[in-house]
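Presented below is the structure to which this report refers.
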Amino acid sequence: MSMFGALLFAIAAAITVFDATGSAVYVGVVSMANYLPQIALAPLAGKWVDAGDPRNQIVIGRLLVAFGSACVATWVWAVGGTHNLPGPWPVVVPSTLVGIGFVLGGPATHALVAQLVRPGEMAAATTLNSVAPMTVGRAAAPAAAGLIILHLGATAAFATAAALNLAYVVLILMLRLPRPGAPPPKDESTLRAALRYVRRTPTLVLLLVGITAVGIGQEPSASLAPPLAEALGGGPQLAGWLGTSHGLGVGLGLLVFPIVRQLAGLSKCSSWGLATVASGLGLGGWAWCPTAALAGMCLSGVGMTVAFTSITTQLQETVAPAFRGRVMSLWFIGFLGARPLAALAGGAAADAVSVRWAMTAVAITVVAMSVVSRPRDPQPAATVPRPS
């Protein structure tokens, strides 16, 4: 429900702004407004996870997401439709609130995973916690956004996103979650201590570079879908289906990942997955018809699941528990923080040259980062020397 609501907001915001302005750059601006707070606040949110109660962060964060979605719904309703919006700013400002809410709860949600599962179950838990919700959300939300906007209007799409996040808050309050553990010692509780720990663990550095590549590779399915749909002679409904095709690929990746893991091993799955992401973006960008573009988006979704699950599982198995919240906040920055820059750069390239070359540039970037990262087999959780 939460992922569906978040993706419904993102797709509806992209379609609304493109419909109001006709500019892919402004679509990128909306993505930046959503993701830049996540870059700035993720380390602080991770520090709070290690020292406090993750449940409270999740609840407060999702309430902010619901409020931001409701603000856009109210504004679009008040002016009588997207064509009457005074530019992109009625969507940009609430998108900032949504980004703040998302970052408050994001690291907390992922840090809880290791507390809820037994040893040896991390790969399955990562899939259930991250990929499975993304499968449902990405498969349903983009098409739902296009259909809702087409038949009921943008107000209904944003209002639905707000209601789903409120429902998620209710469910979280009903759950029994592990009690927070003892906070780390004062000398180990700072962000600087977490960065020193990451620098001493080279595998973590490579995995964080890899998850950044995954985030960059999935951005075109949202921010470049409207201009790609227009280039192929479609409209909002095709833009929604492009995102849905990517989501279906994410779901198909659930079936592909165990096979690739058995053939290549966990550490090589990330390189295979990122290569598949780049191939899908290339096919989608240079598609000669909507069917080929849908196939390319689906292929990139398959690669995303394989790379995402491999990298996140290795990271969870490598990081020491005392640093899990802060390291997962760095994971959060890598996965989501690079997306606003990718969205803005992709939008500018689409406006200046073409959407096809914009997607090609993203594909080349993903390949380059895949070569640089190449994570080794995961190390056991590193120990931290205690001060004498």
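Can you tell me how many residues within the stretch 293-304 are at pLDDT 85 or above and open to solvent by less than 40 Å² (accessible area, probe 1.4 Å)? Step through it out loud before you land on a result.
The initial filter retains those residues of the stretch 293-304 that are at pLDDT 85 or above, namely 294-304.
When the remaining residues are screened for being open to solvent by less than 40 Å² (accessible area, probe 1.4 Å), the result is 296-298, 300-304.
Adding up the residues that qualify gives 8.
Of the residues V65, V30, which single one is part of a helix (DSSP H, G or I), closer than 25 Å to L116 by Cβ and open to solvent by less than 50 Å² (accessible area, probe 1.4 Å)?
Step by step, each of V65, V30 is checked, and only V65 is part of a helix (DSSP H, G or I), closer than 25 Å to L116 by Cβ and open to solvent by less than 50 Å² (accessible area, probe 1.4 Å).
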Which of the residues spanning the stretch 335-376 are at pLDDT below 75, in a helix (DSSP H, G or I), over 24 Å from P290 (Cα atoms) and open to solvent by 60 Å² or more (accessible area, probe 1.4 Å)?
L341
Residue within the stretch 124-132 that is closer than 21 Å to P37 by Cβ, of a type in the set (A, V, I, L, M, F, W, C), at pLDDT 75 or above and in a helix (DSSP H, G or I) present
no
Based on this model, can you work out whether G253 counts as open to solvent by less than 20 Å² (accessible area, probe 1.4 Å), in contact with a Gly (Cβ under 9 Å, 6 or more places away or on another chain), within 30 Å of V319 (Cβ to Cβ) and modelled with pLDDT of 85 or more?
no
If a residue has to be open to solvent by 10 Å² or more (accessible area, probe 1.4 Å) and touching a Pro at 6+ places or on another chain (Cβ under 8 Å) to count, how many in the stretch 305-325 make the cut?
2
Top-ranked residue in the stretch 276-289 [being open to solvent by 50 Å² or more (accessible area, probe 1.4 Å) and in contact (Cβ under 8 Å) with a residue 60 or more places away in the chain; ranked as farthest from L228 (Cα to Cα)]:
S279
Without any contact (Cβ under 8 Å) to a residue 40 or more places away in the chain, out of contact with any strand residue (DSSP E or B) (no Cβ under 6 Å at 6 or more places or on another chain) and of a type outside the set (A, V, I, L, M): does that describe N56?
yes
For V59, which of the numbered conditions (1) among the β-branched types (V, I, T); (2) open to solvent by less than 50 Å² (accessible area, probe 1.4 Å); (3) at pLDDT below 80 fails to hold?
(3)
L330 passes all but one of (1) among the hydrophobic types (A, V, I, L, M, F, W, C); (2) under 17 Å from the mean Cα position of the chain (by Cα); (3) closer than 18 Å to A222 by Cα; which number fails?
(3)
Please state which one of V103, V92 is surrounded by 24 or more Cβ atoms within 10 Å (Cβ to Cβ) and under 19 Å from R339 (Cβ atoms).
V103
Taking first residues from the stretch 13-38 that are at negative phi and second residues anywhere that are outside any helix (DSSP H, G or I), the pairs with Cβ under 6 Å that are 6 or more apart or on different chains are V17/P88; A20/L85; T21/P88; Y26/P88
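The values are calculated or read from the model by the stated rules, or taken from the named source; none is laboratory data. Because the structure is a prediction, the values reported are computed rather than measured. Glycine also receives a Cβ, built like all others from the backbone with ideal geometry; neighbour counts cover every protein chain displayed. Calculation scope for accessible area: heavy atoms of the full protein, side chains included, ligands and nucleic acids excluded. Shrake-Rupley method; radii C 1.70, N 1.55, O 1.52, S 1.80 Å.
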